[in-house]
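S.K.: First the structure, which I've put down as C-alpha cells, then a few questions once you've had a look.
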Amino acid sequence: MPQAGVGGDPLMLQPDHVHYIQEVLRGAVRDEGSGTPDYIKRSWLRCLNEYHLDPQSEREPFVLPRQERLARKERNQALMALADAEMAHLYHQLAGSGYSIILTDRDGVLLDYYGDLSFRNAAFRTGLVLGAMWDEEHGGTNGMGTCLVERTPLIVHREQHFFSRNSGLTCCAAPIFDHCGELIAVLDASGESDRAQQHTLVLVNMAAQMIENRLFLHHFRDAYVVRFHSRPELLGTWGEGIVALDEAGCIAALDRNALFQLGLKSASELVGDPLERVFNISPQALLARSQRKSFHPLPLY
C-alpha cells in the first residue's frame with residue numbers, strides 16, 4: 001500500500017487516485033501535455049500536510065445544521081439577492097451543458113444553487129447541497145474551496161479534485177470581493193464535463209464581476225459614483241470601473257476594475273484624495289454636466 005511522502009508524517013492511503021496525486025507531485029505524470037497547474041499541486045499539499053485528508057475517504061460531505069444555515073442565509077441576504085439575477089443569467093448561458101451554478105460564502109458554505117436536472121443526482125452524491133461546507137479542509141481540492149485560498153478564477157477538472165468521489169466533476173470558480181477588497185463569496189459552475197472549458201470560466205468570472213459591481217453600487221447607493229471605461233460602449237458592463245465619492249467630493253472607494261484601469265495596486269493609493277487627482281474635472285462640474293445631460297457618457301482625461 002503506497003504512502004504519501006510529501007512532507008509531514010506520511011499517510012497510509014489506498015492506491016489509484018492517491019497514486020496519481022503522488023506521481024504528479026513527484027513530477028512523474030503530466031496530463032494532456034500541459035501539466036497539472038501549480039495551484040492544484042499547492043492545494044493537494046495543503047490537503048495532505050495541513051488538513052490530513054484521505055483522497056479515498058468515504059466520509060459524507062459536512063452539511064451545517066439547519067439553524068446555522070438559516071443564520072448564514074440571513075447574514076448574506078443582500079449578497080444572495082444581488083447575485084440571483086446574474087446566477088440565473090449564467091445558468092441560461094450554459095443551458096444544456098450540464099453545469100449547475102453555485103454561490104458560496106467567504107467560508108465555502110453553499111448558499112444558493114441553480115441546478116441542471118441532468119446534474120441533480122451527481123450534485124446530491126457529491127454534497128452540492130445547501131449548507132454544505134466546500135472549503136478545502138472539508139471538500140479537499142475543489143473549485144470553490146481552492147478559489148477561496150488562491151483568490152483568483154480557476155478550473156478544477158475531474159481527477160484534479162483531491163477526493164476521488166469528486167473526480168467526475170469539472171468546476172469553474174471565480175472570487176467575489178466587496179468594496180473594501182475583502183473576499184466575501186465564490187461563484188462556481190460545476191458539472192460532469194469531460195473537458196475543462198476555458199470559455200465557461202470566462203463567463204463565470206464575468207458574472208462574478210457583475211455581482212461585485214451590483215454589491216458596490218448597492219453599498220454606495222446614497223453616494224455619488226463615477227462609472228468609467230476607456231471604451232464608452234462598455235459603460236454599464238462587467239468591465240467598467242466605479243469610483244464612489246464622499247460628501248466632500250473626495251474618493252471614498254474604488255472597485256477592482258477601477259484599480260486595473262487606473263494602473264493601481266491598492267485603493268489606499270487614492271482614497272481620501274480629490275477626484276481631480278484622477279480626472280480633469282471637479283465633482284461639482286461633473287454633477288452639473290450629468291444633471292443637464294443624464295445617461296450620456298462624458299469624455300474625461
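The values are calculated or read from the model by the stated rules, or taken from the named source; none is laboratory data. Since the model is a prediction, treat every value here as computed from it, not as a measurement. Every residue, glycine among them, receives a Cβ derived from its backbone with ideal geometry; neighbour counts consider all protein chains shown. Only protein heavy atoms, including side chains, enter the accessible area calculation; ligands, DNA and RNA are left aside. Shrake-Rupley method; radii C 1.70, N 1.55, O 1.52, S 1.80 Å.
S.K.: Here are some residues: ALA253, ALA207. Which one is assigned to a strand (DSSP E or B) and open to solvent by less than 50 Å² (accessible area, probe 1.4 Å)?
M.R.: ALA253
S.K.: Tell me, which helices (runs of 4 or more DSSP H) lie completely within the range 114-199 with 2 or more residues that are closer than 24 Å to ARG72 by Cβ and touching a Lys or Arg at 6+ places or on another chain (Cβ under 8 Å)?
M.R.: The helices (runs of 4 or more DSSP H) meeting that bar are 120-126, 143-150.
S.K.: Same structure, new question: How many residues are assigned to a helix (DSSP H, G or I), of a type outside the set (S, T, N, Q) and open to solvent by less than 20 Å² (accessible area, probe 1.4 Å) if we restrict to the range 210-232? So that I can check it myself, show each step before the final result.
M.R.: To start, the set of residues in the range 210-232 that are assigned to a helix (DSSP H, G or I) comprises 210-219, 232.
From the residues that got through so far, the ones that are of a type outside the set (S, T, N, Q) too are 210-212, 214-219, 232.
This time we only want the ones that are open to solvent by less than 20 Å² (accessible area, probe 1.4 Å), so: 211-212, 216.
Going through the range 210-232 one residue at a time, the tally reaches 3.
S.K.: I would also like to ask the following. Does the range 233-240 contain any residue that is buried (at least 18 other Cβ atoms within 10 Å of the Cβ) and touching a residue at least 40 places away in the same chain (Cβ under 8 Å)?
M.R.: Within the range 233-240, none of the residues are buried (at least 18 other Cβ atoms within 10 Å of the Cβ) and touching a residue at least 40 places away in the same chain (Cβ under 8 Å).
S.K.: When the residues of the range 28-47 are narrowed to those that are of a type in the set (A, V, I, L, M) and modelled with pLDDT of 95 or more, which ends up nearest to LEU111 (Cα to Cα)?
M.R.: ILE40
S.K.: Let me ask something else about it. Checking the conditions here, which among PHE62, PHE124 is of a type in the set (Phe, Trp, Tyr), at pLDDT below 90 and out of contact with any Leu (no Cβ under 6 Å at 6 or more places or on another chain)?
M.R.: PHE124
S.K.: Moving on. Restricting to the range 256-287, count the residues that are touching a residue at least 24 places away in the same chain (Cβ under 8 Å), open to solvent by 60 Å² or more (accessible area, probe 1.4 Å) and either of a type in the set (Val, Ile, Thr) or in a loop (DSSP other than H, G, I, E, B) (or both).
M.R.: 0
S.K.: For the structure I just gave you, tell me whether LEU103 is crowded, with 17+ Cβ neighbours inside 10 Å and assigned to a helix (DSSP H, G or I).
M.R.: No, not satisfied.
S.K.: Cβ-Cβ under 6 Å, sequence separation 6+ or interchain: first residue in the range 202-224 and among the aromatic types (Phe, Trp, Tyr), partner open to solvent by less than 10 Å² (accessible area, probe 1.4 Å). Which pairs?
M.R.: PHE216/ILE242; PHE220/ALA244
S.K.: Does GLN197 qualify as being under 30 Å from GLY127 (Cβ atoms) and in contact with a helix residue (DSSP H, G or I) (Cβ under 8 Å, 6 or more places away or on another chain)?
M.R.: Answer is no for this residue.
Table: residues versus (1) of a type in the set (A, V, I, L, M); (2) in contact with a helix residue (DSSP H, G or I) (Cβ under 7 Å, 6 or more places away or on another chain).
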| position | (1), (2) |
| --- | --- |
| ALA258 | yes, no |
| SER266 | no, no |
| PHE279 | no, no |
| SER282 | no, yes |
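S.K.: Do we find that GLU240 is out of contact with any strand residue (DSSP E or B) (no Cβ under 6 Å at 6 or more places or on another chain) and on the phi < 0 side of the Ramachandran plot in this structure?
M.R.: Spelling it out, it is not the case that GLU240 is out of contact with any strand residue (DSSP E or B) (no Cβ under 6 Å at 6 or more places or on another chain) and on the phi < 0 side of the Ramachandran plot.
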